[in-house]
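Colleague: Take a look at the following structure, please.
The values are calculated or read from the model by the stated rules, or taken from the named source; none is laboratory data. In this text, all values refer to a predicted model and were calculated from it rather than measured experimentally. Cβ placement follows ideal geometry from the backbone for every residue including glycine, while neighbour counts extend to all protein chains displayed.
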């Protein structure tokens with residue numbers, strides 16, 4: 001298809017001329033330059049946005065512009081087609097395409113998913129009574145995905161009597177789901193269809209009542225409805241509506257299956273209401289009214305609610321309270337606050353408490369009997385690893401199931417006897433193609449930030465390489481929302497490592513790796529610590545002779561894309577290649593627009609730019625605001641047209657401004673997925689193609 005559009009002030013016909021237009025050094029005029037830029041004044045500061053027009057997703061000119069950028073990206077990457085195909089084949093060759101998960105026993109059924117060679121999506125199955133029983137396919141996502149470029153399931157909940165399945169689907173990537181109900185006895189679909197829902201739904205114990213949440217105009221999950229099977233959706237009863245725009249609303253069920261919980265959560269404060277699941281027509285009760293700055297999370301056991309909370313306990317402590325006396329004055333300490341250990345979650349069994357903790361940046365599992373004062377920890381030996389709770393639906397069990405992984409150890413599902421401490425490996429993800437973990441070396445090292453703080457890095461490379469400063473290296477970072485980037489396994493990564501790459505993760509402030517203070521010291525008016533920490537990690541890799549600046553690539557997405565934009569504005573000399581996926585780079589404009597999803601809820605993460613101190617601080621680092629007339633690395637930017645979290649125009653505007661300001665001949669491409677959202681392609685094969693594209697870009701411009 002031949003396009004004739006105005007790109008960077010030049011009328012382009014076809015792909016070859018686009019390549020020239022996008023690479024020219026001279027100052028360029030944005031497309032549709034006849035449109036007036038957006039100008040506003042805040043705190044005496046005049047801001048001009050020349051690319052505001054790109055927000056108009058209904059404009060044919062905007063769509064043509066994005067398509068032209070895609071065609072330019074395709075032309076740039078055309079010489080790497082063979083490499084992309086080779087990378088794709090390598091990554092696919094490590095995957096056992098026909099495989100199944102470890103079955104999970106729930107009552108008298110064993111539930112599992114399996115994949116089949118050539119099919120993009122999983123197939124959900126179960127067996128009744130034993131693993132030798134006949135298989136029952138309860139949902140085949142491949143059939144549902146037919147005719148859709150994008151497909152994703154949101155919720156998947158079987159009713160307590162195992163006769164009904166509630167599931168939801170999204171076919172745009174916009175993260176707005178429709179709930180469907182399937183009769184697992186007959187295989188037929190019920191007439192119940194509930195649109196405009198989010199990621200949570202729960203069954204009442206009567207097997208006839210569904211509780212679900214819906215979205216407001218800013219795509220915030222804010223209301224909970226009760227639906228009786230068979231009744232019209234417009235007759236569903238509104239049970240609660242959260243008016244404070246900083247709060248998201250989520251629905252969950254305790255592992256005891258006794259209570260349904262409404263969880264209201266902002267970035268700093270939570271509130272929980274509860275309902276006896278045996279009485280689904282009842283009224284939700286308030287457990288403890290919200291206290292600004294206090295978070296608490298609830299589980300149930302017998303006559304008590306167990307709660308981990310952070311009032312006067314920045315890393316959280318565990319308390320319990322009688323079900324009939326839930327106010328905070330009744331809370332009794334079970335595990336006190338500890339300065340060097342953070343509580344991340346709990347699982348309650350009939351006889352045991354399992355506490356998921358984090359110490360020195362690594363996850364650990366603490367087990368103790370109900371009522372005991374002390375417990376023990378499960379031993380893990382690698383220097384950098386991660387462990388996660390697996391599905392544990394059986395309340396009356398002494399077996400805990402968890403997943404263990406590291407940079408070189410594939411995901412491994414274990415069953416652990418909490419009484420005898422016996423550990424059984426149920427399944428380790430098989431990596432085909434002769435993979436041997438003993439061929440690789442893991443390191444846990446520390447860079448020193450500008451303020452003296454030690455920043456952990458997790459590193460993997462092939463054994464035997466000499467630290468001579470000449471190895472291509474990919475450094476990954478995120479550093480926001482208290483999210484920890486754990487050193488987990490990815491077989492795809494070895495397409496780089498086996499080519500001599502060093503792969504490193506920077507565990508920078510703003511994440512949660514080193515406890516809650518680590519997060520607090522990388523948000524709001526401390527946000528620049530995140531960027532400085534990442535730069536310190538890059539400098540460490542260079543100074544310790546892992547690599548050099550001409551062979552260093554960096555990668556981050558979403559809030560990690562903000563990181564990419566900030567550090568390359570600050571130190572463009574330090575990196576040769578930057579990959580920014582769906583980057584949150586237009587920080588001020590987005591945070592000033594309360595109609596955009598997530599804006600108000602994120603005032604407690606970034607600050608509110610309507611307040612002067614936050615505005616000026618934000619402006620000092622926001623990537624879009626700080627694009628300079630300077631040389632930049634080679635840059636790959638991705639976007640999703642239907643992305644509700646980072647609107648497509650943020651990377652599009654940022655790319656346009658970079659083209660206007662940068663004074664180098666380095667490559668800058670914007671690749672927009674015109675039929676997906678924040679997570680990119682939904683099918684597993686399509687995902688591998690996107691990963692091969694990214695790796696090919698890195699390899700090409702590091703000249704490996």
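Colleague: Name every residue in segment 344-361 that is modelled with pLDDT under 95 and buried (at least 20 other Cβ atoms within 10 Å of the Cβ), in order of residue number.
Modeller: If the condition is that a residue be modelled with pLDDT under 95 and buried (at least 20 other Cβ atoms within 10 Å of the Cβ), then 361 is the only one that fits.
Colleague: Can you name the number of the only condition in (1) within 25 Å of residue 45 (Cα to Cα); (2) within 21 Å of the chain's Cα centre (by Cα) that residue 628 fails?
Modeller: Only one criterion is unmet by residue 628, namely (2).
Colleague: Hey, can you tell me all the residues within segment 112-146 that are touching a residue at least 60 places away in the same chain (Cβ under 8 Å) and either crowded, with 18+ Cβ neighbours inside 10 Å or touching a strand residue (DSSP E or B) at 6+ places or on another chain (Cβ under 8 Å) (or both)?
Modeller: Scanning segment 112-146 gives 115, 121, 145.
Colleague: Would segment 312-326 turn up any residue that is in contact with a helix residue (DSSP H, G or I) (Cβ under 6 Å, 6 or more places away or on another chain), assigned to a loop (DSSP other than H, G, I, E, B) and in contact (Cβ under 8 Å) with a residue 40 or more places away in the chain?
Modeller: Yes: segment 312-326 contains one or more residues that are in contact with a helix residue (DSSP H, G or I) (Cβ under 6 Å, 6 or more places away or on another chain), assigned to a loop (DSSP other than H, G, I, E, B) and in contact (Cβ under 8 Å) with a residue 40 or more places away in the chain.
Colleague: Part of a helix (DSSP H, G or I), within 17 Å of residue 49 (Cα to Cα) and assigned by TED's automatic domain parsing to the domain that holds residue 499 - does that describe any residue in segment 637-649?
Modeller: yes
Colleague: A further question follows. Just give me the residues in segment 367-382 being surrounded by fewer than 20 Cβ atoms within 10 Å (Cβ to Cβ) and either over 30 Å from the mean Cα position of the chain (by Cα) or assigned to a strand (DSSP E or B) (or both), in sequence order.
Modeller: Within segment 367-382, 368, 369, 370, 371, 372, 373, 374, 375, 376, 377 meet the criteria.
Colleague: Scan segment 158-173 and give yes if some residue there is modelled with pLDDT under 95 and under 22 Å from residue 264 (Cβ atoms), otherwise no.
Modeller: No, that holds for no residue.
Matching residues to (1) touching a residue at least 60 places away in the same chain (Cβ under 8 Å); (2) outside the structural domain of residue 656 (by TED's automatic domain parsing); (3) crowded, with 16+ Cβ neighbours inside 10 Å:
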| residue | (1), (2), (3) |
| --- | --- |
| 56 | no, no, no |
| 67 | yes, no, no |
| 78 | no, no, no |
| 87 | yes, no, yes |
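Colleague: Under the condition of being outside any loop (DSSP other than H, G, I, E, B) and in contact (Cβ under 8 Å) with a residue 40 or more places away in the chain, which residue from segment 674-689 is surrounded by the most Cβ atoms within 10 Å (Cβ to Cβ)?
Modeller: Within segment 674-689, the match that is surrounded by the most Cβ atoms within 10 Å (Cβ to Cβ) is 688.
Conditions (1) farther than 30 Å from residue 360 by Cβ; (2) surrounded by fewer than 20 Cβ atoms within 10 Å (Cβ to Cβ); (3) assigned by TED's automatic domain parsing to the domain that holds residue 362, marked per residue:
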residue	(1), (2), (3)
247	yes, no, no
269	no, yes, no
277	yes, no, no
303	yes, yes, no
307	no, no, no
311	no, yes, no
337	no, yes, no
342	no, no, no
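Colleague: Does residue 637 qualify as being more than 19 Å from residue 475 (Cβ to Cβ), crowded, with 22+ Cβ neighbours inside 10 Å and under 22 Å from the mean Cα position of the chain (by Cα)?
Modeller: Working: more than 19 Å from residue 475 (Cβ to Cβ): no; crowded, with 22+ Cβ neighbours inside 10 Å: yes; under 22 Å from the mean Cα position of the chain (by Cα): yes.
So residue 637 fails the test.
Colleague: Is there a residue in segment 576-585 that is out of contact with any strand residue (DSSP E or B) (no Cβ under 6 Å at 6 or more places or on another chain), modelled with pLDDT of 95 or more and not in a loop (DSSP other than H, G, I, E, B)?
Modeller: no
Colleague: Give the residue that is nearest to the chain's Cα centre (by Cα), with candidates limited to residues of segment 447-478 that are surrounded by fewer than 16 Cβ atoms within 10 Å (Cβ to Cβ) and free of Cβ contacts under 8 Å to residues at least 40 places away in the same chain.
Modeller: 454
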